[in-house]
Amino acid sequence: MSVDRDRGVAIVNEVIDPLDGDTVFGQRWGSGEHIRITPKELNALMEGKIIAVDVESEYVVYLQLDEESED
C-alpha cells in the first residue's frame, strides 16, 4: 500500500466499505463506490487526457496522469 496523504491518493489492494470501519484516510461516509476504468480510458490518461468521473450522481472527480512525478 502506498499513501500520499498530502494529495489524498492511495494505492490499495482492496476496496473497503467506509461503513465497515476506517478507510486508508480514516473515517469516511458514503457508499465507497468502486469505479473501474477501461483500457481505453487508461490509454487516454497516458495520452495526457483528463478523465471526469461522476461519483454517486452528486460529485465530479477529475483524474489526470502526473507525468512529472518520480513515482
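Tabulated results
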{"item": "Number of positions in segment 18-45 that are hydrophobic (A, V, I, L, M, F, W, C) and exposed (fewer than 10 other Cβ atoms within 10 Å of the Cβ)", "result": "1"}
{"item": "Subset of segment 1-16 [in a loop (DSSP other than H, G, I, E, B) and in contact with a strand residue (DSSP E or B) (Cβ under 9 Å, 6 or more places away or on another chain)]", "result": "M1, V12, I16"}
{"item": "Candidate set: segment 20-55, residues that are more than 23 Å from R5 (Cα to Cα) and charged (D, E, K, R); chosen: the one nearest to the chain's Cα centre (by Cα)", "result": "E41"}
{"item": "Close pairs from segment 15-33: first among the hydrophobic types (A, V, I, L, M, F, W, C), partner modelled with pLDDT of 85 or more and part of a loop (DSSP other than H, G, I, E, B), Cβ under 8 Å, at least 6 apart", "result": "V15/H34; I16/V24; V24/V12; F25/R5; F25/G8"}
{"item": "Residue under evaluation V15, criteria (1) loosely packed, with under 10 Cβ neighbours inside 10 Å; (2) touching a His at 6+ places or on another chain (Cβ under 8 Å), criterion not met", "result": "(1)"}
{"item": "Subset of segment 52-71 (residues that are of a type in the set (A, V, I, L, M, F, W, C) and either loosely packed, with under 10 Cβ neighbours inside 10 Å or farther than 18 Å from A10 by Cβ (or both))", "result": "A52, V60"}
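For every residue, the table says whether it meets (1) in a loop (DSSP other than H, G, I, E, B); (2) touching a Gly at 6+ places or on another chain (Cβ under 8 Å); (3) at pLDDT below 90.
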site: L19; (1), (2), (3): no, yes, yes
site: G30; (1), (2), (3): yes, no, yes
site: R36; (1), (2), (3): yes, no, no
site: K40; (1), (2), (3): no, no, no
site: N43; (1), (2), (3): no, no, no
site: D54; (1), (2), (3): no, no, no
site: S57; (1), (2), (3): yes, no, yes
site: E67; (1), (2), (3): yes, yes, yes
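The values are calculated or read from the model by the stated rules, or taken from the named source; none is laboratory data. In this text the structure is predicted, and so the values were computed from the model without any measurement. No Cβ is skipped: glycine too gets one built from the backbone with ideal geometry, and neighbour counts run over all protein chains shown.
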